[in-house]
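J.: Handing you this structure, nothing more for now.
What follows draws every value from the coordinates through simple rules; no lab data is involved. Keep in mind that what you see is a predicted model, and the values were worked out from it rather than measured. Don't worry about glycine lacking a Cβ; one is built from the backbone with ideal geometry, like all the others, and counts go over all protein chains shown.
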Amino acid sequence: MISTATLVQAIVSGIAMGLIYSLVGIEYTLIWNTTGMLNFAHGKVITFCGYLFGALCLKQMGLPLVWSLILALVLAAILALLMSSSIFIPLRTKDNLCCILATVMAGKILYEAMRLIWGAFNVGIDNYFPGTINIFGATLPATYIYVLAIAFVMVVALQIFLNKTKIGKGMKCVSQNKNAASLMGINVTRYMRIATILSFVVCCFLSILLIPLITLSKEMAEMIALKGFAAGIVGGFGLIPGCTVGGVILGVVENLACIVIPSGYKDVVAFVLLIGFLLIKPSGILGKKAK
Amino acid sequence: MLKNIAKRSALPVILLIVAVLFPIVVHNNYYIQICCTSMIYLVAVYGLNFITGMTGQTNLGTAGIFALGAYTSALFETVLGWNAWLSLIPVIAMGVIIGFGLGFPSLRLQGIYLALTTIALTEIVRKVILAWSSLTQGALGIKQIPNISIFGLEIKTTTQYYYFALVIIVILSIICSRIIKGKWGRIMIAVKDNPEAASTCGANIVTIKLTAFVIAAILGCLAGWMFCHNYNYVNPSTFTMDMSINFVIMMSLGGAGNIYGCMLGALAITLLPELLRVFGEYYQIIYALIVVTFAVFLPGGITSLIKRGIDFLKVKLRKNAQATK
């Protein structure tokens, strides 16, 4: 029989991981909606931001947490400007395959840059979310609670930002109809740049949440980046609320499935869900009609 | 008539002579091994060419197909003790199964959705191979896969394998070029360019998509079969998404929908690390930059550039001829 403690542990850590998948989903959906390109480099971007924050700011420059965060965000925004003007904007009308190749290779360039700058080994960073917490008899690392709280705040803040502010509404217009948006006097490429910057900022936050959960290594975001796609498909591709719902469902289902099946198959669950949803309900849980 | 045949077969014959003479002229085993690898990859690229290059269905799961082919033959040979030729039957059966398994979703899904499905397939295959260690020995991989033997002659050395792979490549090149130039190939291109128009003209989109997927999956599995007999060892860490992307790069760098383009791409991408070795640590970055440049500026690949150059020369020559008249 499964004890409540295991169940609580599975659900809480599942929601925490799920919110991370949601943020991954939101991060690539912002670029997908405005430019129509899927950023296959996003795992590498998350890792790169993690290295900027952890290896460069915290370790090498010895800055305090807040200042490291601010500096990492600024650097991520610069990277976003570079990538949007070199890849996302020039390639947006091109063939699907070219877009995929270009973004994957951009990821490879980031990966190699990390290897050349910070060396081939992992970087050890002290856990900045220390301690453990007790809920219903289940002992959890406090990291999960911090991650849960921060990710939740970020998801809510992003929803408000995208729905209430002028920039958010502008991005919505661009994603709905580029021609009409440009006829209404919206600078489409400018909004593409803004969306990329916002996406990379989310990546930066994601990496900061990930470092205490998994150590800072060059492969840390590979799996999470791929599962982010599954989160988008489950919730509804191209919908920001869809990504949130999909991510949380994915995280919880994955952890609950782990109680039943051997843990080696944990990563398979997300991809089976992805294929299953695409075959049965391609529009996802929140999507209204199939595309 | 005779002139026409000579004109058409000049390029393949020259290529074949170069390929046959290569191990005789170059004694370095390492370079022969690289050519073997590129020929194995070429088989998978021929397959990918049918789905992605001609029918226009984005497939980022070639590594998964390749892995299933390699593991099927490796398991049948090491666990059941089958002979390499006999294990070709389950390998091809596996190809047919994957072909239908991927082909049916492709009838409903398009573009990026299909790409994600195929990525998911690769990841599932890799993770299951890793986790099912009682059968596949997990991350350790399967060792001591027996060599292929033809009528008692065991293919042991790299040079022997080179000629064996060359024979397969010649056969497959003839088959593939017949398919590309034939009815199927034309319908595939029509489906890529405009599926509605193709179906209005009487092309059966369902059958042609399934055909493309089945051919591609069989070729992918065949490549896996060749791979595991060349290295005598398979390991799940080889079959990542990077490998699938490499196949796509090979196909589009050379030029999609073209046998010579595939050859050029497979050879170039396997040789490129050797050529770029002078850059030392920076070679991966330079490689990535080259591919990005190609994706941005030359989506048609190298063969499209050559074709454009030949057309340009022809027009110029004709103009010159008219001017002299």
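J.: If contacts are Cα pairs under 8 angstrom and at least 6 residues apart, what is the relative contact order of the range A:4-280 in percent?
T.: With pairs under 8 Å counted, the relative contact order is 38 percent.
J.: About its Cα centre, how strong a charge dipole does the range B:17-272 have in debye, to the nearest 20, once Lys and Arg get +1 and Asp and Glu get -1 at the Cβ?
T.: 300 debye
J.: Name the residue from B:Gly99, B:Leu15, B:Ala216 whose Cα lies farthest towards the positive end of the charge dipole of chain B, charges +1 on Cβ of Lys and Arg and -1 on Cβ of Asp and Glu.
T.: My answer, from the dipole projection, is B:Leu15.
J.: Then there's this: Can you tell which of B:Leu298, B:Leu15, B:Leu107 shows the greatest fluctuation in a Gaussian network model of chain B with Cα springs below 10 Å?
T.: B:Leu15
J.: Can I ask one more? Anyone know which of A:Ser263, A:Ser84, A:Ser207 comes out most mobile in the 10 Å Cα GNM of chain A?
T.: A:Ser263
J.: Amide H to amide H under 5 Å from A:Ile285: which residues, 5+ apart in sequence or cross-chain, H placed 1.01 Å off N in plane?
T.: Sorted by chain and number, the residues that satisfy this are A:Gly235, A:Gly236.
J.: Okay, next question. Can you give the FRET efficiency for A:Asn134 and B:Ser134, using 1/(1 + (r/R0)^6), R0 = 56 Å, r = Cβ-Cβ distance, to the nearest 0.05?
T.: 0.90
J.: While we're here: In vacuum, with every alpha carbon of the range B:156-201 counted as one equal point scatterer, what does the Debye formula give for log10 I(q)/I(0) at q = 0.13, 0.16, 0.17, 0.33 Å⁻¹? Two decimals, please.
T.: Those come out to -0.47, -0.57, -0.60, -1.02, one per q.
J.: Can I ask one more? Before rounding to the nearest 500, sum -39500 (n - 2.57) across all DSSP H runs of length at least 4 in chain A and divide by the residue total; then give [θ] at 222 nm in deg cm²/dmol.
T.: Calculated from helices alone, the mean residue ellipticity at 222 nm is -23000 deg cm²/dmol.
J.: At 1.002 mPa s and 20 °C, plugging the Kirkwood radius over alpha-carbon pairs of chain A into Stokes-Einstein gives what diffusion coefficient in µm²/s?
T.: The Stokes-Einstein estimate is 110 µm²/s.
J.: Suppose every K and R has +1 on its Cβ and every D and E has -1 on its Cβ; what is the size of the dipole of the range A:4-280 about the Cα centre, in Debye to the nearest 20?
T.: It comes to approximately 800 debye.
J.: Net charge near A:Lys266, counting Lys/Arg +1 and Asp/Glu -1 over other residues with Cβ under 11 Å of its Cβ?
T.: Neighbourhood net charge equals 0.
J.: What is the order of B:Ile171, A:Ile285, A:Ile211, fewest Cβ neighbours within 10 Å to most?
T.: With the sparsest Cβ surroundings first, the list reads B:Ile171, A:Ile285, A:Ile211.
J.: To the nearest whole number, what is the average tally of beta carbon atoms from other chains within 10 Å of the beta carbons of peptide B:111-119?
T.: Shielding by partners across B:111-119 averages 6.
J.: Something else: Amide H of B:Val234 versus every other amide H placed in the peptide plane: which residues, excluding those fewer than 5 positions away on the same chain, fall under 5 Å?
T.: Amide H neighbours of B:Val234, under 5 Å, 5+ apart: B:Ile142.
J.: Please report the Cα spread of the range B:17-272 along all three principal axes, rounded to whole Å, starting with the longest.
T.: 53, 46, 34
J.: Compute the helix-to-body angle for B:241-254: its Cα long axis versus the longest principal axis of chain B, expressed 0 to 90° and rounded to tens.
T.: With rounding to tens, the tilt is 20 degrees.
J.: What order do you get for A:Thr143, B:Thr293, A:Thr47 when you list them from fewest to most C-beta neighbours inside 10 Å?
T.: Ranking A:Thr143, B:Thr293, A:Thr47 by Cβ neighbours within 10 Å, fewest first, gives B:Thr293, A:Thr143, A:Thr47.
J.: How many lysine pairs does chain B hold where the Cα atoms are under 24 Å apart and the two sit 8 or more places apart or on different chains?
T.: Summing the qualifying lysine pairs gives 25.
J.: Ok, one more. In µm²/s, what is D for the protein assembly as shown at 20 °C and 1.002 mPa s, where D = kT/(6 pi eta Rh) by Stokes-Einstein and Rh is the Kirkwood radius from Cα pairs?
T.: Translational diffusion coefficient: 82 µm²/s.
J.: Could you give the size of the charge dipole of the range B:161-287 about its Cα centre, using +1 on the Cβ of each K and R and -1 on the Cβ of each D and E, expressed in debye and rounded to the nearest 20?
T.: About 480 debye.
J.: A further question on this structure: Given H placed 1.01 Å from N in the peptide plane, which residues other than close sequence neighbours of A:Leu216 have an amide H under 5 Å from its amide H?
T.: HN-HN under 5 Å from A:Leu216: A:Val123, A:Ile125.
J.: I've got another one for you. Counting Lys and Arg as +1 and Asp and Glu as -1, what is the net charge of the other residues whose Cβ lies under 14 Å from the Cβ of B:Leu68?
T.: Charge balance in the 14 Å sphere: +1.
J.: Which number do you get for Rg(Cα) / (2.2 N^0.38 Å) in the range B:147-261?
T.: That ratio works out to 1.31.
J.: Ordered by residue, what ³J(HN,Hα) values in Hz, to whole numbers, does the range B:156-169 give under the Karplus form 6.51 cos²θ - 1.76 cosθ + 1.60, where θ = phi - 60° and Gly and Pro are x?
T.: Coupling constants for the range B:156-169: 9, 7, 5, 5, 4, 4, 4, 5, 4, 5, 4, 4, 4, 4 Hz.
J.: Compute the length gained on full extension between B:Glu196 and B:Ile5: take 0.36 nm times their separation in residues and subtract their Cα-Cα distance, giving the result in nm to one decimal.
T.: So the extension gain works out to 65.1 nm.
J.: Using a 10 Å cut-off around each Cβ of peptide A:111-118, what is the average number of partner chain Cβ atoms that fall inside?
T.: The mean count of partner-chain Cβ atoms within 10 Å per residue comes to 3.
J.: Suppose each label sits 7 Å from its Cα in the direction of the beta carbon; what would the A:Lys94-A:Gln60 distance come out to in nanometres?
T.: Simple spin-label model gives 3.0 nm for this pair.
J.: Here is a follow-up. Quick one: Cα centre-to-centre distance for the range A:109-144 and the range B:150-190, in angstrom?
T.: Rounded to whole Å, the Cα centres lie 49 Å apart.
J.: A:Lys266: which aspartates and glutamates have alpha carbons under 20 Å from its alpha carbon, excluding same-chain residues fewer than 8 sequence positions away?
T.: Excluding near neighbours in sequence, the set is A:Glu219, A:Glu222, A:Glu254, B:Glu123.
J.: Right, here's the next one. Would you look at the GNM of chain B, springs on alpha carbons closer than 10 Å, and say which of B:Val96, B:Val43, B:Val18 moves the most?
T.: In the Gaussian network model the winner is B:Val18.
J.: Subtracting the Cα-Cα distance from 0.36 nm times the residue separation, let me have the gained length for A:Thr6 to A:Leu286 in nm, one decimal.
T.: In short, 97.8 nm is gained.
J.: Note down the nm distance, to one decimal, between modelled labels 7 Å out along Cα→Cβ at A:Phe161 and at B:Ser177.
T.: 5.6 nm
J.: Please work out the Cα center distance from the range A:146-219 to the range A:235-291, rounded to the nearest Å.
T.: Between the Cα centres of the range A:146-219 and the range A:235-291 lies a distance of 21 Å.
J.: Limiting things to C-alpha atoms, what are the Rg and the maximum Cα-Cα separation (Dmax) for the range B:1-137, in angstroms?
T.: Just the Cα atoms of the range B:1-137 yield Rg and Dmax of 19.2, 62 Å.
J.: Based on other C-beta atoms within 10 Å, arrange A:Leu65, A:Leu19 from fewest to most.
T.: So the residues, fewest neighbours to most, are A:Leu65, A:Leu19.
J.: Something else about it: Using the Cα centre of the range A:95-232 as origin and beta-carbon charges of +1 (Lys, Arg) and -1 (Asp, Glu), tell me which of A:Asn134, A:Thr215, A:Ser175 is placed farthest towards the positive end of the dipole.
T.: Highest projection toward the positive end goes to A:Ser175.
J.: Right, next: In the neighborhood of B:Val128, defined by Cβ-to-Cβ distances under 13 Å, what is the net charge if each Lys or Arg adds +1 and each Asp or Glu adds -1?
T.: Within the 13 Å Cβ shell, the charges total +1.
J.: I would also like to ask the following. Sequence gap at least 6, Cα distance under 8 Å: using those rules, report the relative contact order of the range B:17-272 to the nearest whole percent.
T.: The value is 41 percent.
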